[in-house]
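The values are calculated or read from the model by the stated rules, or taken from the named source; none is laboratory data. A quick note: this is a predicted structure, and the numbers were derived from the prediction, not measured. Quick reminder, even Gly has a Cβ in these numbers, built from the backbone with ideal geometry, and neighbours come from all protein chains shown. We work out accessible area using only protein heavy atoms, side chains counted, and drop any ligands, DNA or RNA first. Shrake-Rupley method; radii C 1.70, N 1.55, O 1.52, S 1.80 Å.
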Amino acid sequence: MESEDDMIDDSVSMEDDFYSGDLSYCYDDDPNDNDNDYYFDDDNDYGLLEDDDDDDQDGIVSRRPQLSYTVLKEADIKQQQEDDISKVSTVLSISRVDATILLRYYNWSVSKVHDEWFADEGGVRQSVGLLERPAVQVSNARELTCGICFESFLRDNITSVACGHPFCLSCWRGYISTTIYDGPGCLSLRCPDPCCNAAVGKDMIDKLATSEEKEKYSRYLLRSYVEDNRKTKWCPAPGCEYAVDFTVGSGNFDVSCNCSYSFCWNCTEEAHRPVDCETVAKWILKNSAESENMNWILANSKPCPKCKRPIEKNQGCMHMTCTPPCKFEFCWLCLGAWAEHGERTGGFYACNRYEAAKQEGVYDEAERRREMAKNSLEKYTHYYERWASNQLSRQKALADLHQMQTVHLEKLSDLQCTPESQLKFITEAWLQIVECRRVLKWTYAYGYYLPEHEHAKRQFFEYLQGEAESGLERLHQCAEKELNKFVTGDGPSKEFDDFRAKLAGLTSVTKNYFENLVRALENGLADVDSQAAAACSKTTSSKNTGGTSKTRGGRGKGSSKSGGSGRNVDDTSN
């Protein structure tokens, strides 16, 4: 196990392991700029600040790997959709209408369309409804009968899709209008004939639908490109119209939309690295479920002996009265009728009957269940309160960051006679705080589900979490309180340079702490298992070579080589 200083030094070389782009949004000058659609990992340097060097900065950017996702505006989605339609139309030598139907059927996967088509073109045509020849032969008569209303119309007022089933324009319009207003199912529209599988394409919609219906159909088609596509999802933020195109299999699912919302692409909950999606789902369900209400009722109330409604004791004595209409009076301890109680049973603040029955074990099971419920509730409350507290702190930090960027930086620049470009370390500190609050919040969900019997892992987790939280609190206090005296000052301060060094240093150290925490949790606290295995191997070796006394010496020697946290883990695991 590394010591605290070793962890800080080693983590400097691991900058790309922690951030996944969550912080980049605060530097987007124009969210509508196409250049901002592509992000890079670790977009900001959170180390100690030096004088900016353009060459050095270019070198840093060139070494950073490009993220595995692209944020798409509506125009980008339309362009990608049109490009895919063109690819399929060109390769398969079919119309764009038929290419659209094919792509819709295969969830907009160009490769899937090509594979299926070249493997069995006839089968694909039959399944999708792209008929090569009409299913019925229409006579050359001057008038034809509509298959829906059964009235006769001139040929100019009759139309059909590839199958050839004739229907009048009025019935077609009603059929198309009804399906469009029914919802996205209109994208899979088929011939009105019940026995026909022929697909109805966008050309028929453009020919017969109203302007409003065409707009609805186009919106459904655009949304299907995102919602049916395995690689694309909408940003779940309320009111956001951006989509995210993700490279599946890249490992890290945290993405940051141009709207500034960060979320997990896999489960679409808010970004929760380093905690896995399964833990997050369980935690969110627990927060919203009724189970905790039942735990509270079981831990803090008893059922009325008469009506069985749960009653909470809110006064000092044992004399309880149920609420109307029951109004039954009973003893809180033994749940017997109060009419049978009095001085002989111990008065208002004791119950001899309860004590005697308790010694006989009558209440053991009930007390055990109540104690288990109380312990479970206390544990949940402990983790939930800290989870919620960090969530509120993060929201406050976001508001403070916005205030700093829009108001205070300009004022501070004037007071300290310093260009705003040299105050970037302040914004970086607040970005660090925002991201660390998010990580710290989810570590409490992780801690709640960490098995109680894995004492070594829990001890190591609490050590890393405690170090990270302590560093974050120091950074947050410095950025929030110590900065305020310079913002509210009357002029330049000689202490500002010292403050700059302190805040930048705390930013760097806090980042290192959280990198260690994130890596440890993503590895499942595997360092503890490797330490235990090493200790076990060393013990076995010592037994084989020197007996019991040497074994103890070997264990002590192994502990003395480790850092502070390593000693705790070894001692616990042994």
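Worth a mention:
- Exclusive hit being polar (S, T, N, Q), open to solvent by less than 40 Å² (accessible area, probe 1.4 Å) and assigned by the TED database to the domain that holds GLU473, set GLN432, GLN422: GLN432
- Residue in the range 513-524 that is more than 21 Å from PRO274 (Cα to Cα) and modelled with pLDDT under 90 present: no
- Scan of the range 435-472 for residues that are among the β-branched types (Val, Ile, Thr) and surrounded by fewer than 20 Cβ atoms within 10 Å (Cβ to Cβ), ordered by number: none
- Failed criterion for TYR448 (all others in (1) assigned to a loop (DSSP other than H, G, I, E, B); (2) touching a Lys or Arg at 6+ places or on another chain (Cβ under 8 Å) hold): (1)
- Any chance TRP296 is modelled with pLDDT under 80 and either assigned by the TED database to the domain that holds TYR448 or aromatic (Phe, Trp, Tyr) (or both): yes
- Any hit, the range 489-502, residues being within 28 Å of the chain's Cα centre (by Cα), of a type in the set (S, T, N, Q), open to solvent by 20 Å² or more (accessible area, probe 1.4 Å) and in the same structural domain as LEU431 (by the TED database): no
- Criterion violated by VAL97 - all others in (1) without any contact (Cβ under 8 Å) to a residue 60 or more places away in the chain; (2) open to solvent by 30 Å² or more (accessible area, probe 1.4 Å) satisfied: (1)
- Output for the range 224-283, where each listed residue is touching a strand residue (DSSP E or B) at 6+ places or on another chain (Cβ under 6 Å), closer than 19 Å to VAL434 by Cα and among the aliphatic types (A, V, I, L, M): VAL255, ALA271
- GLN81 vs. criteria assigned by the TED database to the domain that holds MET204 and open to solvent by 70 Å² or more (accessible area, probe 1.4 Å): no
- Test result for GLU482, assigned by the TED database to the domain that holds TYR446 and either at positive phi or at pLDDT below 90 (or both): yes
- Condition met for SER160 (crowded, with 16+ Cβ neighbours inside 10 Å, among the hydroxyl-bearing types (Ser, Thr, Tyr) and touching a helix residue (DSSP H, G or I) at 6+ places or on another chain (Cβ under 7 Å)): no
Rundown of residues vs (1) touching a residue at least 24 places away in the same chain (Cβ under 8 Å); (2) farther than 29 Å from TRP108 by Cβ, yes/no style:
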| residue | (1), (2) |
| --- | --- |
| GLY147 | yes, yes |
| ILE205 | yes, no |
| SER211 | no, no |
| THR232 | yes, no |
